[in-house]
Structure formats: structure tokens, C-alpha cells
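Notes for the one structure printed next.
All of the numbers you see were taken from the coordinates with simple rules; none came from a lab. Since this is a predicted model, take the numbers as computed values, not measurements. With ideal geometry, Cβ positions are generated from the backbone for all residues, glycine too; neighbour counts draw on all protein chains shown.
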């Protein structure tokens, strides 16, 4: 496949993102490699996708990217198999627990650091499950990849929209940001937030190739 | 602002206004009990696993051990102010009628969690009650009486 040129929009967005990343976030963003501006090949895109999938399939993400049963998952210790969230929690069709027990009862909306081990974690966004169309539990790398690039399932986002989704999350200290710095005794998603942002930019610039 | 720096926090608790100087990171439960002397909310686990510290913030049931003082977004209601116009809340009446409490430690949290449920649903089914109350633990095992009392209070609210 002919190499694709990285979109100028993507580069601009990334440049802003890296410049605006707070000092605190910088300490938890992992790789500090410069964003490549050379032409992006499909092979580079697939390499980036492999790293994106490593993040998407990590319990920090999959525990809330669950299916239509609306039951979030828990992972007590790194490497443990995920199990159903305690207390028989079901987030309902609303995916925020509006029908019974609201997620917010325990998971507060706060940008403050998560410091207490085993406490209910919080983010700057209201706690919720991901849409069921974005179920990642039990899905292969190819299936997740096709979900992510499908505007009918990803919230109507194009390539730039996917990158901006991460940038918006960083501004709000949302779920993606939290996944790389979950605090307490939780294992972070692999690779670091900035590296994930760069991988997403590379993958989208490469035309969002799937394995 | 650093974690350990004190600031003045304004709170409305049970209809009264308070200004307290403390670290904004301090959990609301600590503020209520140690700073304001409001002892209805109980310390159970400190990690949102038991529900003993439940209060209402702007009508939503929350675990006060998980809410930083600086993040409180609305008026706080504890068990002490749950009654309606000076009378007991129907839940409190039902709690007495069914003699729900055994040791009683979890009960203020149970009642406030139930109050949040009945605010949304005055005809809850058994399964709706179980879903809403599933993270309020009672080591005495009073769950059947809790459920019966909630049904009773719901009936009172529907008829009032």
C-alpha cells in the first residue's frame, strides 16, 4: 500500500497536546519519543495498532468496556482474571446505574489524584460504562480495531476525531488519562498516555489498518 | 494548591451553613464527624465497600468517605435532617414499625440510600430495591426487614 502522509490536522493537534500536557501528567506519560512527521506506512500503522490493542485489552479499559449485560468487572491484583464487580452492581441500560445504584454513589467525579488503595477510583468525568457498541471483553484485536474505526459505533468519529477524543479526555482527566495513572494498588494500562496518543495518531494517519 | 494546604470550604449540611478551614482533600465523612460533630454518618470501611457513611448530596446518595470536602457539589443531608417538616420521613416510620435495626450501625446509611431510591421510584419492585441497596451491607443480616420497610414507606409516600 502506498504510504500515507500524516494529516496536518493530526500533527497540529498532537503538537498542542504535547505542549499543554501538565507537569503532573508528564510524569506519567511514559515514552517521550518525538512524533514522526515522515510518511506513514501501513506497517507503521499496524505496529501502532498492536500497542493500542495492548491498551484496549488491558483490564483498566476492558473492565468498563463490557457487553449488554451492563455488569462492570473488577480485577483485584495484576494478572488476576477479571470477575464481576462486587455488590451485584449492574449499571443498567443507562450504563451509569440510573436504574438502580448510580455509579456515582461510590465513584466520584473529581480530578484529584487517586491515592487510596482499594477505594472506588474517580475521574474528572462522571463514572460510566462505555457504550455497549464498544464492548471489548471477549473481542479479538481485529474486532476491536474495526469497532474503533467504525463511525456508527465509535460516536461518529473520523480519524482526527479519535485523536481529539484522547485530547479531550486529557483536558478533563477522564477515563483514558486515569487508565495510565490509576493510583492506589491498581496496575496502569501499558505504555503511557503520551505514547498512546502518538500511537493513535500514527494508526489513524496510516488509514486505520486492522490486522 | 498542594494537597496539605488548608483552605476555607463552605458547606450546607442539614440546612445549616458552615465554613471550615481544612485540607480540601479531607473526606466529607471526616468533616461531618470530626469537624462538625455530626455523627449520623458512620465510618465502616473507608473505601466505599459498605455504605455506612452514606449521605445525600443534592438528593443523590453518595459514600461520604469517598467525597473530598473540596468536591462537594451541593447541600448535604444526613440522617438527622431526613424528616419532612419536623415529622419522621416515612422510611423512618417504617423502620420503627418493622424494627429493622439490630445493632444499628449501618442503618443511617441504609435509610438514606433507600430515600434516594424512593425519590426516583415510589413503587419499587423487590429487584429494584435489591439493585439500589446492594452495596449497603448489614452484618446483622436485616435485609428482609429493610426490604419490607422500603415497601411500606413507598406505600405511605404513594398514599400521601
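Identify which of B:39, B:117, B:56 has the largest mean-square fluctuation in a Gaussian network model of chain B, with springs joining Cα atoms closer than 10 Å. Result for chain B, Cα springs under 10 Å: B:39 fluctuates most.
Roughly how far apart, in whole Å, are the Cα centres of segment B:82-160 and segment A:36-102? Computed from Cα coordinates, the inter-centre distance equals 35 Å.
Quick one: compute the contact order of segment A:63-180, relative version, from alpha carbon pairs under 8 angstrom and 6+ residues apart, as a percent.
Details: 169 pairs, mean separation 26.1, N = 118.
Relative contact order of segment A:63-180: 22 percent.
Of the peptides B:77-83, B:153-159, B:46-52, the order by per-residue mean of other Cβ atoms within 10 Å, starting with the highest, comes out as B:46-52, B:77-83, B:153-159.
Take the alpha-carbon positions of chain B, form their convex hull, and give its projected area averaged over all directions (one quarter of the hull surface) in nm². Present the calculation step by step, with values, prior to reporting the outcome.
Numbers: hull surface 36.9 nm².
Value for chain B: 9.2 nm².
Remark: mean inter-chain Cβ contacts per residue of A:96-104 equal 5, using a 10 Å Cβ-Cβ cutoff to other protein chain atoms. Considering only B:16, B:128, B:149, the Gaussian network model of chain B with Cα springs below 10 Å gives its largest mean-square fluctuation to B:16.
Among B:130-137, A:158-165, how do they line up from the highest to the lowest mean number of other beta-carbon atoms within 10 Å? It would help to have the intermediate numbers written out before the result.
Numbers: B:130-137: 21.6, A:158-165: 17.4.
Answer by packing, highest mean first, reads B:130-137, A:158-165.
Note: relative contact order over chain B, using C-alpha pairs below 8 Å and six or more positions apart, is 22 percent.
Sorted on the mean count of surrounding Cβ atoms within 10 Å across their residues, most packed first, peptides A:59-68, A:100-109 read A:100-109, A:59-68.
Averaged over B:129-136, how many beta carbons belonging to a partner chain fall within 10 Å of each residue's beta carbon? Present the calculation step by step, with values, prior to reporting the outcome.
Numbers: counts 1, 3, 9, 6, 3, 7, 9, 3.
Average neighbour count from other chains, rounded to a whole number: 5.
The share of Cα pairs per 10 Å bin across the protein assembly as shown, counted from zero up to the longest distance, runs 5, 22, 28, 22, 14, 7, 2, 0 percent. Any idea what the relative contact order of segment B:6-79 is, in percent, if you count C-alpha pairs under 8 Å spaced at least 6 apart? It comes to 36 percent, rounded to a whole number. The radius of gyration of the Cα set in segment A:55-182, together with its Dmax, comes out at 14.3, 39 angstrom. Per residue, the protein assembly as shown reaches -10000 deg cm²/dmol at 222 nm when only DSSP H runs of four or more residues are counted, each adding -39500 (n - 2.57). The Rg/Rh ratio for segment B:90-159, using Cα coordinates for both the radius of gyration and the Kirkwood hydrodynamic radius, is 0.92. Helix B:107-120 and the long axis of chain B differ in direction by around 80°, with both axes built from C-alpha atoms.
How large is the translational diffusion coefficient of segment B:6-79 in µm² per second when you combine the Kirkwood radius over alpha carbon pairs with Stokes-Einstein at 4 °C and 1.567 mPa s? Don't skip to the end; give the middle numbers.
On the way: Rh = 11.9 Å.
The Stokes-Einstein estimate is 109 µm²/s.
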